[in-house]
Amino acid sequence: MKLIPILKSPFAALFICTLVGIGTGASVATAQVENITEKVATGEGYSPLKPGSVRVWDLGRKYSYKHYWPQRQWDNRKNWILVPYGKTGDYQFHGDCMLEGQNFWVSLHASDDDACFIYAKKDEEGTPSRHNEFYRSYDQPGGLRTYCHSYEYNRIVKNDENDIIVESKTKTRVRNGVSVAIINRYRVQGGKPYLESYPVNEMASEQGMHGESRIHISPESLDDGQSDFLADAWRNPPNKSVYHPHTSRMLLDFIMDDDLIWGLMWKTVGKIPGSDHPYFSTRARSDNCEGGYQAGWQRIGEGDSPLIFTAPFVKYRQEKLVLGVMRVGHWHYQKIGATVEQGKDFAINWKYVHQRQVDGCPFAPGGAWWPMYAGQWRLVSSIDGRHYTTPIPIDKNGIGQKSLVVRPAASGNLEYVMFYLYDRSADTDKKVWTLQDIYRDAFQQF
């Protein structure tokens, strides 16, 4: 199979021939379990991550059930095996592979029903919270999308305390006479709240994720170079795709039920050559669906969510994609329902719209909301179905403020607003990552 040339990366040239971790059984053999128990007795097993470091875990058994929250894996964490730093391709996995980053997990598991999963951490212990199935799919030339699951192998390419790379190959699936197997490399780095995903073979053509959200935003992607493109599932036809502008370089997936942002990012922009059909020529899209999981959007006092973006998809274009994980306090949605006049001051009194408590969140259902971080925020206002973007700087004095005075860009019915932290300012705490911080760090554009 033809390999996509990613050898410009320093780690991409490492190629290891040993295949490890083959199989999909629910657990390893009894003898292996006994050996694992002996290792645990010598002091191994999960403990909270040291700040600034990353780890790769051998879960000791293969989890083949269909899962969204990794309850069985997490409950068995006292039996996990920490792969020693420096161990790479010669390490033989006893079970599934789990990568641990600063605020997320990457589960490369044996389920024949699912691709790998990303889980946001919700506390210092590292407890997994909101899931995100990180699809592994191939778009055949005719448009048939083939999803691949489980793994043929998980192979460690690099294993340092602050930088880990694992290559993973799916099981082979045959569709329309084509044998499909997808190979990716996943990279986590110490102290960084994002995952890098690299396509290794040409069948790793597209990255989707089971985000399940009502609203997607591509910042600064409209023709003026400043305004945001906002896609609202409730305002678009069911079972159709919403295509993002060709200038888009970031797709933000806002998850209500755990107060987080999944931020997909990429470097090359512009129309993809070779076809005029938007499915093939557009880098990013959002797939709208009836009956999808509502991801908390039904718990905002506005009734059930009639439609949902089950997944955003981004074409690899033979380069890495980055997934940022931003949890609690980085964004806010609020229905307004008031008549506003262009250029006339209007006060938004912030209200916390969630109808249940989110773990690790300082806001209470029925109470007020306020900005937790100083920085460059963006307000996207929906006025009579059109969207208007306003940059809003929040300085140190703005942290904790429960209202915001804005000057609407148009007159009409202000239906709702989306407010999110986009970039840092001189007042932003050094420990806080913004979306633009991730982009600059991942793509080295300063």
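Brief remarks on what is shown
- Consider region 87-116 and keep the residues that are touching a Leu at 6+ places or on another chain (Cβ under 9 Å) and among the polar types (S, T, N, Q). The one that is farthest from Ser47 (Cα to Cα) is Thr88.
- Considered as a group, the residues in region 337-381 that are out of contact with any Asp or Glu (no Cβ under 6 Å at 6 or more places or on another chain), β-branched (Val, Ile, Thr) and crowded, with 18+ Cβ neighbours inside 10 Å include one that is farthest from Met265 (Cα to Cα), and that residue is Val340.
- Among the residues of region 424-439, those that are charged (D, E, K, R) and either part of a strand (DSSP E or B) or within 24 Å of the chain's Cα centre (by Cα) (or both) comprise Arg424, Asp429, Lys430, Lys431, Asp437.
- Where Gly329 falls short, out of the listed (1) of a type in the set (Gly, Ala, Ser); (2) touching a strand residue (DSSP E or B) at 6+ places or on another chain (Cβ under 6 Å); (3) within 22 Å of Pro193 (Cα to Cα): (2)
- Leu222 being aliphatic (A, V, I, L, M), more than 28 Å from Leu144 (Cβ to Cβ) and out of contact with any Lys or Arg (no Cβ under 6 Å at 6 or more places or on another chain): yes
- Strands (runs of 3 or more DSSP E) fully within region 366-423 counting 2 or more residues that are touching a residue at least 24 places away in the same chain (Cβ under 8 Å) and of a type in the set (D, E, K, R): 412-423
- Exactly one residue out of Tyr151, Tyr119 is of a type in the set (Phe, Trp, Tyr), part of a loop (DSSP other than H, G, I, E, B) and in the same structural domain as Trp80 (by TED's automatic domain parsing), and it is Tyr151.
- Any hit, region 84-98, residues being under 17 Å from the mean Cα position of the chain (by Cα) and either over 19 Å from Leu321 (Cα atoms) or of a type in the set (S, T, N, Q) (or both): yes
- Taking (1) surrounded by fewer than 24 Cβ atoms within 10 Å (Cβ to Cβ); (2) on the phi > 0 side of the Ramachandran plot in turn, Glu212 satisfies each apart from (1).
- Single match in Gly337, Gly367, Gly343 (criterion: touching a Phe, Trp or Tyr at 6+ places or on another chain (Cβ under 9 Å), farther than 30 Å from Glu290 by Cα and in the same structural domain as Phe419 (by TED's automatic domain parsing)): Gly367
- Hits in region 259-307 - residues which are β-branched (Val, Ile, Thr) and within 18 Å of the chain's Cα centre (by Cα): Ile261
- Scanning region 71-110 for residues that are surrounded by 24 or more Cβ atoms within 10 Å (Cβ to Cβ) and among the β-branched types (Val, Ile, Thr) gives a single hit, Val106.
- Test: Asp258 is surrounded by fewer than 22 Cβ atoms within 10 Å (Cβ to Cβ), modelled with pLDDT under 95 and either among the acidic types (Asp, Glu) or in the same structural domain as Ile118 (by TED's automatic domain parsing) (or both): yes
- Residue ID - modelled with the lowest pLDDT, chosen from residues in region 129-173 that are among the hydrophobic types (A, V, I, L, M, F, W, C) and under 19 Å from Ala311 (Cβ atoms): Leu144
- Residue in region 134-144 that is closer than 19 Å to Tyr63 by Cβ and of a type in the set (Gly, Ala, Ser) present: no
- In region 374-397, the residues that are closer than 17 Å to Phe346 by Cβ and more than 28 Å from the chain's Cα centre (by Cα): Ile383, Asp384
- Some residue of region 289-303 being modelled with pLDDT under 95, touching a Ser or Thr at 6+ places or on another chain (Cβ under 8 Å) and not in a loop (DSSP other than H, G, I, E, B): yes
The values are calculated or read from the model by the stated rules, or taken from the named source; none is laboratory data. The shown structure was predicted, so the numbers you read here are calculated from the model rather than taken from an experiment. All Cβ positions, even for glycine, are placed from backbone atoms using ideal geometry, and neighbour counts span all protein chains on display.
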